[in-house]
Amino acid sequence: MAATTDRQAARERLFSLAKAQIDKLIPADEGVPLRGQFFADFEDQADEFERTVCPAFLEERVALSAAAQAADGGSCPHCGSDRVYLESRVSRVELLTPHGVMPMSQQHARCRSCDRSFSPSGTGPEPSDRGTALDARGGEGRDRGGDRGVRHGGGQAQS
Ligand SMILES: [Zn+2]
């Protein structure tokens, strides 16, 4: 199922997926015996829950993030100037996650004062410490890792 781009629709889809799994794994009917006997069985059920809900969660979260497009470039993170403009190009980037590859787009802004480009703040995911998230600040990284786990689909920002 394709991701939605509306927050309420995303919530409903995830609630629905989670509820269906919980209904299956822990039926509300007390007369229905719970499946599994050993902890390993419960782990298998947790894996099943994860495989059902987590990919959809990431898909929806990425879609909601992609929907948050910047209206202007803000100020330059390199020199502080507000003489910035949004470039028309949009990069396709892919996030590598334990749940599969998540495609998304990334906006670029350029500074007229120092001619450096950057990603407008508030767009795209922030770097994580697990090597799976996009470096949203043009390759500088935050604490570690830089752009590990990110495949740029061309048009990579100059910095
Ligand atoms: Zn600048």
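The figures follow:
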quantity: Candidates Glu60, Glu94, filtered to the one that is touching a Lys or Arg at 6+ places or on another chain (Cβ under 7 Å), assigned by TED's automatic domain parsing to the domain that holds Asp115 and under 22 Å from Ala10 (Cβ atoms); calculated: Glu94
quantity: Condition met for Ala9 (more than 23 Å from Ser119 (Cβ to Cβ), surrounded by fewer than 17 Cβ atoms within 10 Å (Cβ to Cβ) and of a type in the set (Gly, Ala, Ser)); calculated: yes
quantity: Residues that are touching a residue at least 24 places away in the same chain (Cβ under 8 Å) and within 11 Å of the ligand (Cβ to nearest atom), drawn from the stretch 76-92; calculated: Cys76, Pro77, His78, Cys79, Ser81, Arg83, Val84
quantity: Meets criteria (within 16 Å of the ligand (Cβ to nearest atom), in a strand (DSSP E or B) and buried (at least 17 other Cβ atoms within 10 Å of the Cβ)) for Leu95; calculated: no
quantity: Residue match in the stretch 5-14 (condition: within 16 Å of the ligand (Cβ to nearest atom), outside any helix (DSSP H, G or I) and among the charged types (D, E, K, R)); calculated: no
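The values are calculated or read from the model by the stated rules, or taken from the named source; none is laboratory data. The structure displayed is predicted, hence computed values, not measured ones. Here Cβ is always computed from backbone atoms with ideal geometry, including for glycine, and neighbour counts include all displayed protein chains.
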